[in-house]
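In what follows, a single structure is set out as structure tokens and then discussed.
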Amino acid sequence: MSKTPMQIWGVPIVLAILTTIGLISALLGDGIWDALSAVTLGIPCLVGAWYCLRRRPAARQHR
């Protein structure tokens, strides 16, 4: 089964865009910019934490 480039790179590209928006908005100002940066930088952190903490499927046992 072959995956398309969008299936492989879609989520990393979205996370990179969110991180870039978050970093730029943190530099731009206060108030709403701080909230925007917190949200856009928090989403990649939450995705990474979810990926690390999720349960892995049990390995199939060969008999």
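The values are calculated or read from the model by the stated rules, or taken from the named source; none is laboratory data. All of these numbers come straight from a predicted model, not from anything done at the bench. Heads up, the Cβs are rebuilt from the backbone with ideal geometry, glycines too, and the neighbour counts pull from every protein chain shown. Calculation scope for accessible area: heavy atoms of the full protein, side chains included, ligands and nucleic acids excluded. Shrake-Rupley method; radii C 1.70, N 1.55, O 1.52, S 1.80 Å.
Annotations for the structure displayed:
- The angle between the Cα long axis of helix 32-53 and the longest principal axis of the Cα atoms of the chain comes to about 10 degrees, rounded to the nearest 10.
- Interatomic Cα distance distribution for the chain, bins of 10 angstrom, percent: 20, 31, 28, 13, 6, 2, 0
- Within the accessible area of the chain (1.4 Å probe), percent carbon and sulfur: 69
- Remark: the chain carries a charge dipole of roughly 820 debye about the Cα centre, counting +1 on each Lys and Arg Cβ and -1 on each Asp and Glu Cβ.
- Angle in degrees between helix 5-28 and the longest Cα principal axis of the chain, rounded to the nearest 10: 20
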